[in-house]
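S.K.: To start, I am sharing the structure in question, which I have written as structure tokens.
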Amino acid sequence: MLLTADEVKRMYPNGAELYAHGDNGKQYRADLEGGQIYFAIPSAVQIIGYTPRTVENATGVEKYLLMVEQADSLDELDNIGEIAANDDTITNADYFRIYIAADSKARGWLPQNRTEATA
């Protein structure tokens, strides 16, 4: 079910990551910040509605990047990497993006990279 801009603003008063759905059948990344929805689309495309950006409604590389963002352990990151490596629907470049995101997140968990606030 697509949401209108007003519905999104009411449901997510503190902001949200969204998909803007175009009349061309494509989805575009969008962000709700400070009561405004920001996105970049071709000028001929009209937005017909929005959905929250979640793993369940994401496709391709976007799904894996969201899974990496939500991962809570090295085992989860490893599992995501294995699944992505065996997914024939993503390109090698997409897999590399997933790998870099997971590696960056894992490095942030290393004790020497923690700050007082995250330790």
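The values are calculated or read from the model by the stated rules, or taken from the named source; none is laboratory data. Please read all numbers here as calculations on a predicted model, not as lab measurements. Here Cβ is always computed from backbone atoms with ideal geometry, including for glycine, and neighbour counts include all displayed protein chains.
S.K.: May I ask you to list the residues in the range 10-46 that are out of contact with any Gly (no Cβ under 6 Å at 6 or more places or on another chain), of a type outside the set (D, E, K, R) and part of a strand (DSSP E or B)?
M.R.: Ala16, Leu18, Tyr19, Ala20, Gly22, Gln27, Tyr28, Ala30, Gln36, Ile37, Tyr38, Phe39
S.K.: Name every residue in the range 23-57 that is more than 24 Å from Gln70 (Cα to Cα) and under 18 Å from the mean Cα position of the chain (by Cα), in order of residue number.
M.R.: Lys26, Ala40, Ile41, Gly49
S.K.: Within the range 6-63, take every residue that is among the basic types (Lys, Arg) and closer than 25 Å to Ile98 by Cβ and give me the one that is modelled with the lowest pLDDT.
M.R.: Arg53
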